[in-house]
1. Which members of segment 19-35 meet the condition of being exposed (fewer than 10 other Cβ atoms within 10 Å of the Cβ), free of Cβ contacts under 8 Å to residues at least 12 places away in the same chain and not in a helix (DSSP H, G or I)?
2. As an exercise: evaluate LEU16 against (1) surrounded by 10 or more Cβ atoms within 10 Å (Cβ to Cβ); (2) without any contact (Cβ under 8 Å) to a residue 24 or more places away in the chain and give the number of the one condition it does not meet.
3. Look at segment 1-13 and say how many of its residues are open to solvent by less than 100 Å² (accessible area, probe 1.4 Å), in a helix (DSSP H, G or I) and at pLDDT below 95.
4. Within segment 1-27, which residues are charged (D, E, K, R) and closer than 15 Å to GLN47 by Cα?
5. Would you mention how many residues in segment 10-56 are within 9 Å of the chain's Cα centre (by Cα) and among the small types (Gly, Ala, Ser)?
Amino acid sequence: MASDAEMIGQIKSQTLSLIADLTAQPKPSYAVDGQQVSWADYLRRLQQTVDWCDQQLAAAEPFEFQTEGGSS
């Protein structure tokens, strides 16, 4: 079973692939039978997903505190 970090990494990778496809062949927004399709909003949500993935992956990384010790 994949770890949470691996799954988040996979979500990020899949989302980046969707963004690449969407930006390679941009489409106009439109409305059909009362249903609105906004590609700009869709792209924004995909970018927010990538940002969320980055935040989750950064939070899961080990960190260290930099301190300076003084001599007495």
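1. Of everything in segment 19-35, those that are exposed (fewer than 10 other Cβ atoms within 10 Å of the Cβ), free of Cβ contacts under 8 Å to residues at least 12 places away in the same chain and not in a helix (DSSP H, G or I) turn out to be GLN25, PRO28, ALA31, VAL32, ASP33, GLY34, GLN35.
2. (2)
3. The qualifying residues number 1.
4. Applying the first criterion (charged (D, E, K, R)) to segment 1-27 yields 4, 6, 12, 21, 27.
Selection gives LYS12, ASP21.
5. 1
The values are calculated or read from the model by the stated rules, or taken from the named source; none is laboratory data. Given the structure is predicted, the values throughout are model-derived calculations rather than measurements. Neighbour counts are summed over all protein chains in view; Cβ atoms, including those assigned to glycine, are modelled from backbone coordinates with ideal geometry. Protein only, heavy atoms only, side chains kept; ligands, DNA and RNA dropped before computing areas. Shrake-Rupley method; radii C 1.70, N 1.55, O 1.52, S 1.80 Å.
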